[in-house]
Amino acid sequence: AQSVTQPDIHITVSEGASLELRCNYSYGATPYLFWYVQSPGQGLQLLLKYFSGDTLVQGIKGFEAEFKRSQSSFNLRKPSVHWSDAAEYFCAVAPWGNQGGKLIFGQGTELSVKP
Amino acid sequence: DTEVTQTPKHLVMGMTNKKSLKCEQHMGHRAMYWYKQKAKKPPELMFVYSYEKLSINESVPSRFSPECPNSSLLNLHLHALQPEDSALYLCASTHLVKGRDNSPLHFGNGTRLTVT
């Protein structure tokens, strides 16, 4: 069965430090991959997506993610974290031939930022 | 600012009440979705409408009744809810692309529902 794993439930980083959030997926082919961010009381905002092509994708707010087929991973990175990045981050996949937006979400990683 | 608008932002209702959640988008998206999200959990898909027709119902109890009156509007009618139905209800929309469905979802900010 398709699944998405975000191994870290909660991460704390200092402001200005680099960040990497991990995401592994289980799927036979290359799915469509997404990272969403959710601030408290808000909906989900798309940070970036990967469909094909260059395996390093750039997103909004200075985020990037790298697709590694051999590791079935799609880790999210940011070189310098800002206090406003504190939020919940969800990795999601849309399997091939997915009908109707049945995204499979990971459990989420909560990011806290220390001053 | 989100391009998917949900009202109300907050709703408190008793178990015998009838209420409705509303969602609107003007991006020309022809797929609209209802998700339910409990605290500290990922969203769970409830319903999908494609071209204003219900295409997916994820075995949602009948006390939740979706409606898509036109391509811009999506409603979720609530009746006889239980306290465990308290959650954040998110609406989302996307383009429908022929063949592989790969358009990202655009989410609204949700309605925080409390059932007393």
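Here, each number is a calculation from the coordinates, and none is a lab measurement. Here the structure is a predicted model, which is why all the values come from computation and not from measurement. Here Cβ is always computed from backbone atoms with ideal geometry, including for glycine, and neighbour counts include all displayed protein chains.
For chain B, taking a cut-off of 4.7 Å between Cβ atoms, the unpaired cysteines are B:C68. The largest-to-smallest principal axis extents of the Cα set in the protein assembly as shown are 50, 44, 32 Å. Neighbours of B:L78, meaning other residues whose beta-carbon lies under 15 angstrom from its beta-carbon, give a summed charge of +3 when Lys and Arg score +1 and Asp and Glu score -1.
Legend: mean number of C-beta atoms from other chains within 10 angstrom of residue C-beta atoms, peptide B:46-55, equals 1. For the peptides B:19-25, B:80-86, A:51-57, B:106-112, residues were scored by their other Cβ atoms within 10 Å and the scores averaged per peptide; the highest-first order is B:106-112, B:19-25, B:80-86, A:51-57. Note on region B:30-116: semi-axes of the ellipsoid equivalent to its C-alpha gyration tensor, largest first and rounded to whole Å, are 23, 14, 11.
For chain B, the dipole from Cβ point charges (+1 on Lys and Arg, -1 on Asp and Glu) about the Cα centre works out to 160 debye, to the nearest 20. In units of the compact-protein estimate 2.2 N^0.38 Å, region A:3-48 shows a Cα radius of gyration of 1.38.
In a fully extended conformation the segment linking A:Q107 and A:S72 would gain 10.9 nm over its present Cα-Cα distance, using 0.36 nm per residue. Extent of chain A along its three principal axes (Cα atoms, max minus min coordinate, largest first): 43, 29, 23 Å.
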